[in-house]
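A short worksheet on the structure shown next.
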Amino acid sequence: MKRLSTLVDGFLVLALFSCSTWTVWSSSCCNQINSYEVRPHSVSITEFGAVGDGITLNTIAFQNAIFYLNSFADKGGAKLFVPAGRWLTGSFDLISHLTLWLDNDAVILGSMNSDDWPVVDPLPSYGHGRELPGGRHRSLIYGRNLTDVVITGNNGTIDGQGSIWWNNFWNKTLNYTRPHLVELMNSTGVLISNVTFMNSPFWTIHPVYCSHVTIQNVTIIAPLSSPNTDGINPDSSDNVCIEDCYISTGDDLISIKSGWDGYGISFGRPSTNINIRRLIGKTTSAGIAIGSEMSGGVSEVHAEDIYIFDSHSAIRIKTSPGRGGYVRNVYISNMILVNVDIAIRFTGLYGEHPDDTYDPDALPVIERITIKDVIGEKVKRAGLIQGIKGDNFVNICLSNITLNVSKKLPWNCSYVKGYSDLVSPEACEPLRERIFPEHCSDCYYLPNHLKSLSNQNWGAWLLS
């Protein structure tokens with residue numbers, strides 16, 4: 001118990017100093033977007049006949065309110081205020097220059113009638129619905145081609161009431177792919193903050209084909225048994241900042257994506273410049289994942305100050321022959337793991353293809369992945385790192401990692417090549433060659449001034 005307390009205290013210290021000069025990479029903290037910026041026009045959802053009793057369906061009220069506020073889009077924008085109450089609704093669209101503000105004790109409830117979630121076309125980078133051919137249900141809160149859109153408030157809640165969708169999934173009675181809770185497409189200047197998201201039918205927050213997205217101070221919760229309720233999934237998006245979030249769901253806490261097999265390759269929009277800081281959470285899957293849909297490419301991912309507990313894996317890259325694309329230039333540092341089955345897991349034969357048209361010779365490129373400054377207690381296996389025969393994952397670099405591992409064989413590696421320093425238990429043979437001094441330039445984001453760290457062992461110090 002004392003050691004666990006030390007781990008948690010250590011994480012809090014990291015969080016406090018995450019924007020200080022000691023931090024190992026030079027990017028500044030996420031650009032602060034003022035969620036309290038006053039819009040010149042504001043209305044309450046009650047002005048459009050909404051009733052917050054948890055029973056009355058308010059879809060038309062939300063639609064009418066936003067239609068009215070659209071007239072102010074070129075006059076400084078507007079705010080839609082949702083007061084305390086339980087506001088049942090089906091899917092509705094946001095507009096540009098809008099703030100959706102949820103007051104304390106305000107709960108937006110997703111309808112449990114699938115007819116209130118319209119079916120829309122599949123994403124072009126996926127070819128068809130992620131679960132079934134054809135279309136997909138539209139998210140509860142939806143927007144496309146938007147600029148300057150904010151979802152925030154005083155810690156209100158958006159509850160997708162996803163149990164009916166989960167049951168249909170388990171019973172194999174879905175007609176279309178399940179809806180996300182929030183999806184924004186082709187949008188820029190997005191802020192989501194100070195809101196709790198619960199019980200999404202499928203992925204919770206899905207920015208796709210977006211730029212300049214900030215997600216701060218959100219809580220995302222779904223039962224650990226709920227299927228595919230990922231927390232935040234940036235998808236073919238760039239300049240995304242995720243910080244100060246708590247997530248506990250039935251799938252990956254954060255999963256970075258960029259399209260599926262040939263559809264993602266031809267669409268060709270990567271996810272890049274993704275910054276993740278101060279994430280705490282638990283899951284039956286992975287804390288931070290990339291893929292498995294990564295056919296448009298994923299690069300320049302930086303994550304730091306991460307605390308993962310009671311989870312299957314902490315870091316995971318998922319791909320497969322047929323995906324094509326690439327995952328490169330990934331830097332993950334300052335992680336604390338407690339009661340995690342597998343600390344680091346790369347899967348090269350994930351499978352799951354949209355149809356039979358995929359090209360098995362479209363092999364992914366996985367390279368320049370750096371994982372540094374990790375400590376773990378009650379970890380079963382240090383790493384399960386499996387590349388693809390004839391398509392090795394290369395320049396995988398592990399530095400300053402200390403894990404208390406219960407498995408007699410802590411590492412299982414195949415079709416991978418890389419380097420390591422200060423790793424305990426000792427890394428698998430394909431990763432055993434020293435980083436310093438010969439291979440520092442082969443490792444992403446290990447500049448020469450970090451050589452001094454080879455004389456330290458941060459993880460052992462924090463565990464002592």
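For region 31-166, would you read off the P(r) tail past 27 Å as a percentage of all alpha carbon pairs? Mind showing how you got there, number by number?
On the way: 2103 of 9180 pairs.
Value for region 31-166 (Cα pairs over 27 Å): 23 percent.
What is the chain's relative contact order, in percent, from Cα pairs under 8 angstrom and six or more apart in sequence?
9
Rounding to the nearest 10 and keeping the result within 0 to 90°, find how far the Cα-based axis of helix 2-16 lies from the longest principal axis of the chain.
70
Round to the nearest 10 and give me the degree value, 0 to 90, for the angle of helix 59-69's Cα axis relative to the longest principal axis of the chain.
Taking Cα atoms only, the helix is inclined about 90 degrees.
Please enumerate, by chain and number, the lysines with C-alpha under 27 Å from the C-alpha of residue 380, excluding those fewer than 8 residues away in the same chain.
Once the sequence-local lysines are set aside, what remains near residue 380 is 2, 282, 318, 372, 389, 407, 408, 417.
Quote the relative contact order of region 297-357 in percent (integer), defining contacts as alpha-carbon pairs under 8 Å separated by 6+ residues.
47
Tell me, what ³J(HN,Hα) does each residue in region 106-112 have, in order and in whole Hz, if you take phi through Karplus 6.51 cos²θ - 1.76 cosθ + 1.60 with θ = phi - 60° and put x for Gly and Pro?
Karplus-based 3J(HN,Hα) across region 106-112 equals 8, 10, 8, 9, x, 4, 9 Hz.
By the gyration tensor of its Cα atoms, with a ≥ b ≥ c the square roots of the eigenvalues, what is the shape of region 156-207: rounded for a/c under 1.5, prolate for a/b over b/c, or oblate?
Note, shape of region 156-207 comes out oblate.
Within region 149-193, which residues have the backbone N less than 14 Å from the label spot 7 Å out from residue 112 along Cα→beta-carbon, could you tell me?
160-168
Name the residues of region 53-86 whose amide N is less than 18 Å from a point 7 angstrom out from the Cα of residue 154 along the C-beta direction?
Under 18 Å, as judged by backbone N against the label point of residue 154, lie 79-86 of region 53-86.
Compute the relative contact order of region 310-417 as a whole-number percentage, counting only Cα pairs closer than 8 Å that sit 6 or more residues apart in sequence. Could the numbers behind the result be given before it?
Details: 272 pairs, mean separation 32.7, N = 108.
For region 310-417, the relative contact order is 30 percent.
Under Stokes-Einstein, with the Kirkwood radius over Cα pairs standing in for Rh, what whole-number D in µm²/s applies to the chain at 20 °C and 1.002 mPa s?
Details: Rh = 22.6 Å.
My calculation gives 95 µm²/s for D.
Ignoring ligands, DNA and RNA, what accessible area per residue does the chain give at 1.4 Å, in Å²? Write out the running numbers ahead of the final one.
Details: 17400 Å² over 464 residues.
With the other protein chains kept in place, the chain gives 38 Å² per residue.
Apply 1/(1 + (r/R0)^6) to the Cβ-Cβ distance of residue 59 and residue 408, taking R0 = 51 Å, and write down the FRET efficiency to the nearest 0.05.
Working: r = 57 Å, r/R0 = 1.12.
After rounding, the FRET efficiency stands at 0.35.
What aspartates and glutamates sit close enough to residue 257 to cross-link, taking a C-alpha to C-alpha distance under 17 Å and skipping anything fewer than 8 places away on the same chain?
Counting by Cα, and skipping residues close in sequence, residue 257 has these aspartates and glutamates nearby: 131, 183, 230, 235, 238, 293, 300, 352, 367.
Ignoring ligands, DNA and RNA, what percent of the 1.4 Å accessible area of region 66-214 is carbon and sulfur?
49
The values are calculated or read from the model by the stated rules, or taken from the named source; none is laboratory data. Note that the structure is predicted; figures quoted are calculated from it, not measured. Heads up, the Cβs are rebuilt from the backbone with ideal geometry, glycines too, and the neighbour counts pull from every protein chain shown. Please note that ligands, DNA and RNA were not included when accessible areas were found on the heavy atoms of the full protein model with its side chains. Shrake-Rupley method; radii C 1.70, N 1.55, O 1.52, S 1.80 Å.
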